[in-house]
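The values are calculated or read from the model by the stated rules, or taken from the named source; none is laboratory data. Only a predicted model underlies this, so the values are computations on that prediction, with no experimental measurement involved. Ideal geometry is used to build each Cβ from the backbone, glycine not excepted, and the neighbour counts take in all protein chains shown.
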Amino acid sequence: MIAINNISQHYGSSQILWELDLQISTGSCTCIMGRNGAGKTTLLKCLMGLLPISSGEILLEGVPLHTKAAEDRAPAGIGYVPQGRDIFPLLTVEENLRIGLGVRKDKAKHLPEKIFELFPVLHDMLQRRGGDLSGGQQQQLAIARALVIDPKVLILDEPNEGIQPNIVQQIGDVILQLNAEGMTVILIEQKLGFARRVGREFRLMERGRIVASDKMENLNDQLIRQYMSV
Ligand SMILES: Nc1ncnc2c1ncn2[C@@H]1O[C@H](COP(=O)(O)OP(=O)(O)OP(=O)(O)O)[C@@H](O)[C@H]1O
Ligand SMILES: [Mg+2]
């Protein structure tokens, strides 16, 4: 469903992504893993149009995505939870969530009930300012905001960075549930235990390239030693 073909990306004169290929099939749950600085976040930003690619193409169900402006990529059905969450600290939880509504093609006026079933804590905190939530609650808010658009694909960039274990567990449950209901998930994850619990497939990145791709059960110690910081 998502085909990233031969993309390269540069920050000025330094090349970060090198003729990278990545295929994500519909309904899969894929973990992208690799050391700090491998280019994982850069890859997702290229996918979302937040960074320009220098060559190559990105297709969503066969339709070019890389030629669309960034603001037209979420409405194409992609929910994105950026690294570091990026919620609006001065806006309330409700206002943060409503931003997602503006992106929906169907002009829905009400927040979907589903997000409060997944994250009941947000319902109790609708009028609280985003910046006053705990780190774990902010992460739940960021995921819920991505889900407001009812995406076909959910992309999460290290959702568990600096978050307490019980919320990590809950976020894992939510991802598993959404994937079981048919949502395609792309997850950047450094924590091996979480990746193994949630991911069905893995892709390992090193220096701007995909260097290994397989089913999660085939992620062995040799690959982990070679390409991950553990
Ligand atoms: N705005 C920028 N200008 C120049 N170089 C950048 C910029 N942002 C990132 N880089 C460089 O691009 C490379 C890839 O960074 P990226 O953030 O994609 O890595 P990552 O795999 O997501 O790392 P992490 O696991 O730490 O999040 C790094 O060498 C980084 O220093
Ligand atoms: Mg990153």
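Figures for the structure shown
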quantity	calculated
Sole exception among (1) within 16 Å of ligand 2 (Cβ to nearest atom); (2) of a type outside the set (Val, Ile, Thr); (3) buried (at least 20 other Cβ atoms within 10 Å of the Cβ) for Leu97, by number	(1)
Arg203 closer than 30 Å to Ala108 by Cα, of a type in the set (D, E, K, R), surrounded by 14 or more Cβ atoms within 10 Å (Cβ to Cβ) and at pLDDT 95 or above	no
Close pairs (9 angstrom Cβ cut-off, 6 or more residues apart or separate chains): free of Cβ contacts under 8 Å to residues at least 12 places away in the same chain in the stretch 18-41, basic (Lys, Arg) anywhere	Gly37/Arg207
Single match in Leu147, Leu133, Leu60 (criterion: buried (at least 18 other Cβ atoms within 10 Å of the Cβ) and under 18 Å from Ile163 (Cα atoms))	Leu133
Members of the stretch 154-195 found to be surrounded by fewer than 17 Cβ atoms within 10 Å (Cβ to Cβ) and at positive phi, listed by number	Gly162, Gly182
Lys45 being in contact (Cβ under 8 Å) with a residue 60 or more places away in the chain, out of contact with any Cys (no Cβ under 9 Å at 6 or more places or on another chain) and within 16 Å of ligand 1 (Cβ to nearest atom)	no
Residue satisfying all of: in the stretch 143-171; of a type outside the set (D, E, K, R), touching a strand residue (DSSP E or B) at 6+ places or on another chain (Cβ under 7 Å) and within 16 Å of ligand 1 (Cβ to nearest atom); farthest from Pro75 (Cα to Cα) among these	Pro159
Members of the stretch 172-193 found to be within 16 Å of ligand 1 (Cβ to nearest atom) and either closer than 14 Å to Gly135 by Cα or outside any strand (DSSP E or B) (or both), listed by number	Glu189, Gln190, Lys191, Leu192
Residue ranges of helices (runs of 4 or more DSSP H) in the stretch 97-171 with at least 3 members of a type outside the set (Phe, Trp, Tyr) and free of Cβ contacts under 8 Å to residues at least 24 places away in the same chain	120-124
Every residue from the stretch 1-17 that is surrounded by 14 or more Cβ atoms within 10 Å (Cβ to Cβ), within 22 Å of Asn36 (Cβ to Cβ) and of a type outside the set (S, T, N, Q)	Ile4, Ile7, His10, Ile16, Leu17
Failed criterion for Asp86 (all others in (1) crowded, with 19+ Cβ neighbours inside 10 Å; (2) closer than 18 Å to Gly49 by Cα; (3) within 16 Å of ligand 2 (Cβ to nearest atom) hold)	(1)
Single unsatisfied condition, Lys105 versus (1) surrounded by 16 or more Cβ atoms within 10 Å (Cβ to Cβ); (2) closer than 24 Å to Leu50 by Cα	(1)
Positions within the stretch 207-222 being buried (at least 17 other Cβ atoms within 10 Å of the Cβ) and either within 16 Å of ligand 2 (Cβ to nearest atom) or at pLDDT below 95 (or both), in sequence order	Gly208, Ile210
